[in-house]
Amino acid sequence: MNAVKNLSTMKNIILFIIAIAISGNTLCQWTQLNSGTGQKLEDIDCPSTNVCYVAGDAGTILKTTDGGQTWVSKTNGLDVTEYYNSIDCIDENTCFTAHGNGGLYKTTDGGDTWVEKNMPAGSITKIFMTNSSIGYASPVGAYLKTIDGGENWTWETSSLHFGTNTSIFFFNQDTGYFAFGDATDMGVIKTTDGGNNWSYSLTGISCPPKALHFSTISFGILVGSDGCAYRTTDQGASWDTLNTGTSKILEDIWCVDEDTCYIVGSTGASMLKTTDGGNTWASDLGSAPSANYLSIDFPSQNVGYAVGWGGTIIKKDYSTGFGELKDNSPSINIFPNPATEETIIYYAANNSSFNKSHFEVFDVLGKKVSSQELNQGNNKLKNNDLFSGMYLYTVVSDNTILQTGKLMVN
């Protein structure tokens, strides 16, 4: 069912949502996809909500172009005896992947063919392209950089201790971070000039880091083994320790904004979510299988994927209860959900025809109980006048319904 509906169908939509709720089918959960493989899947990168690439063991490279409904193998030109532990895409057709013995490959035709590139290093743990020309890769003890779209890679050195680089994140081509960890030291280093100079951002941490992610240039979270997590809100100038409530290995993190982040990790901490910037965490796995998840990616604020052991791929789509928004429709995110005192409605319209939109709340009998105009960015809905329970919402612009879904109030 399309996300955009005429108002004449509102009654049917509301009745349909009620039927789903009564049957116990909760919207917006993580759901398992059929990957067609049992291999361990190490990394996922999605250049769009429908197109994703996955790298894994035994020469596994998978691609979907239909939002995960089907996955096809894309290994032409690759050494299929190797395990591929990193994949990074510039767009839907141009991607890089690397394996544990130092081979690095590039495709420019959507994975139909891969070409090996000049790589003067051993095992690569991560690739990160900041744009179509500049990118970084992380071997042990230093890092590699390309300035020609990955055709050639050169060793870059620094007086700082790089150790075993476990994660790379660049917010733009100038500002980036490397997480490192070995027996000597563990922490994060930062550059603000494209790698010409580096400084320590975080040192002396208590567990080997695994991954870091920034949702804005100021806000980022680092996760690692033993359930450890650290947060910065000032561009890495300082970090505070977070309590994730687990001692399990945390493998990867993705923050969709400064409030909502997801962590994937080993069984027992397969999927954790925060809606308050990392202060509290709770399981968000729902009915998805409990597994060792290794990588997570949100190509938009509304759609996310995660991969892990045993060929497991799961997806969460909360753009609507009925499918993804059209490309020219506004980006809409409702959080937290369930909510207590207030609900945040994130609204970003890239089309002037959607500038005047309203968020309308209905009880289960179809009676409208709340309505407010939406501005660009975060909008606050006060829940003081709503009783605890389930409500239905619509986002309406003129005579068009942009999104419908279920709102829970505690």
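General remarks:
- The one condition from (1) part of a loop (DSSP other than H, G, I, E, B); (2) surrounded by fewer than 18 Cβ atoms within 10 Å (Cβ to Cβ); (3) touching a residue at least 24 places away in the same chain (Cβ under 8 Å) that A291 does not meet is (2).
- Odd one out for T154 among (1) surrounded by fewer than 19 Cβ atoms within 10 Å (Cβ to Cβ); (2) touching a Leu at 6+ places or on another chain (Cβ under 7 Å); (3) modelled with pLDDT of 90 or more: (3)
- Selection within the stretch 183-196: residues that are in contact (Cβ under 8 Å) with a residue 24 or more places away in the chain and surrounded by fewer than 23 Cβ atoms within 10 Å (Cβ to Cβ). The member of this set that is nearest to G268 (Cα to Cα) is D185.
- Checklist (1) at pLDDT 75 or above; (2) part of a loop (DSSP other than H, G, I, E, B); (3) over 16 Å from the mean Cα position of the chain (by Cα); (4) of a type outside the set (K, R) applied to I334, failing item: (2)
- Here I221 meets each of (1) farther than 22 Å from G245 by Cα; (2) touching a residue at least 40 places away in the same chain (Cβ under 8 Å) with one exception, condition (1).
- Residue in the stretch 137-146 that is buried (at least 17 other Cβ atoms within 10 Å of the Cβ), modelled with pLDDT under 90 and among the aromatic types (F, W, Y) present: yes
One line per residue, one yes/no per condition, for (1) within 23 Å of the chain's Cα centre (by Cα); (2) in contact (Cβ under 8 Å) with a residue 40 or more places away in the chain; (3) closer than 13 Å to V54 by Cα; (4) crowded, with 19+ Cβ neighbours inside 10 Å:
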site: N93; (1), (2), (3), (4): yes, no, no, no
site: F96; (1), (2), (3), (4): yes, yes, yes, yes
site: G100; (1), (2), (3), (4): no, no, no, no
site: I124; (1), (2), (3), (4): yes, no, no, yes
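- Scanning the stretch 346-377 for residues that are at pLDDT 80 or above and either touching a Lys or Arg at 6+ places or on another chain (Cβ under 6 Å) or among the acidic types (D, E) (or both) gives E360, F362, E373.
- All conditions in (1) at pLDDT 50 or above; (2) in the same structural domain as Y393 (by TED's automatic domain parsing); (3) not polar (S, T, N, Q) hold for I18, with the sole exception of (1).
- Strands (runs of 3 or more DSSP E) within the stretch 31-88 that include 2 or more residues surrounded by fewer than 17 Cβ atoms within 10 Å (Cβ to Cβ) and either within 19 Å of the chain's Cα centre (by Cα) or outside the structural domain of S270 (by TED's automatic domain parsing) (or both): 31-33
- Tally, over the stretch 203-262, of residues that are under 20 Å from P336 (Cα atoms), among the aliphatic types (A, V, I, L, M) and either over 20 Å from the mean Cα position of the chain (by Cα) or not in a strand (DSSP E or B) (or both): 1
The values are calculated or read from the model by the stated rules, or taken from the named source; none is laboratory data. Given the structure is predicted, the values throughout are model-derived calculations rather than measurements. Methodologically, a virtual Cβ is constructed for each residue, glycine included, from the backbone with ideal geometry; neighbour enumeration extends over all protein chains shown.
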